Amino acid sequence: MREQGIAKQLVRFFGALCGFREWAAQPWRVRVACFLFFRKTRTANGGHQGSQGLLFLLCALSLPFAFLSVCVKNFADALYRPWPVFYLTLGSVALNAVLNRVFIFGSPVTPGLGLTGAGVATLLARMLAAAGVFAVISRDLFLRPYLPSSWNSGFNRPFATALLGLGLPLGVHLVAEAGAFTFSGVMVGWVSAEALAAHQIAVSCASLTIMVPTGIASALGVRVGGLDSSRRWKAICKVAAGAFVAKSCA
């Protein structure tokens, strides 16, 4: 009954959000939401390990906070202040691990929620990480002049269009790259479970090693962007040559 009540509130909330309040109030849609979000999966010994649908819902709700953290991180990186946000990111990973232990398996003050607990832990960790990075940049004396004087200054359409024109190709490239790796895992899974396990180990090693050239490329983009704004062409050539040597060694 409690889960049906939560499902009813979720359906009404999303229905009102989309402008279909009466459509969302129909009972069969509540039953569908209860099946999707609260259907419990079972372990090998017959126990419950939580709701996979509710895990996906909580992770989806945490995505806006993750996007805010990434935006603030890129803002700080572009102004040569990567370390405070870097430490906060590491702290959020450690906090997520602790919260996973608390909410998945339970503690003296919280019950064990299984898969749902993993979603709760991710949501809380990302919310606290977003609040932390905003607090850091607002207190940084170097970054403060670059912050907007008012967060309610209206929508700047030409500036947003320019950002979209720059970011959309980059986003498509990242989606294509990540999608290729993801779909390759699906294709390997068609072969056998052993092949999928071996593929996962190989991809994990490749993902770890590729972080070095990816980090150098990100630093190169920041450096070249800063030098390009001051039209220091000779310095740009030196930075590009040094990055090329570093990536070749990596």
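Read-outs throughout are calculated quantities, based only on the coordinates presented, and are distinct from any laboratory measurement. All values derive from a computational prediction rather than experimental measurement. FYI the Cβ positions are ideal-geometry reconstructions off the backbone, even for glycines, and counts take in every protein chain you see.
Under a model in which nothing but the beta-carbon of Lys, Arg (+1) and Asp, Glu (-1) is charged, region 160-250 shows a dipole of about 660 debye around its Cα centre. Based on the alpha-carbon gyration tensor of region 160-250 and its eigenvalue square roots a ≥ b ≥ c, which shape applies: rounded if a/c is under 1.5, prolate if not and a/b is larger than b/c, or oblate? Cα axes put region 160-250 in the oblate bin. Modelled label positions at LEU147 and THR209, each set 7 Å beyond Cα in the direction of Cβ, lie 4.3 nm from each other. Model label points for GLN200 and LEU79, set 7 angstrom from Cα along the Cα-to-Cβ axis, are 4.2 nm apart. Distance between the 7 Å Cα→Cβ label points at LYS238 and PHE105: 5.4 nm.
Couplings for region 63-71, taken from phi via the Karplus curve 6.51 cos²θ - 1.76 cosθ + 1.60 with θ = phi - 60°, read 4, x, 5, 5, 5, 4, 4, 5, 4 Hz in order; Gly and Pro are left as x.
A simple rule links phi to the HN-Hα coupling: the Karplus curve 6.51 cos²θ - 1.76 cosθ + 1.60 with θ = phi - 60°, which for region 212-220 gives 5, x, 5, x, 5, 5, 5, 5, 4 Hz, with x for Gly and Pro.
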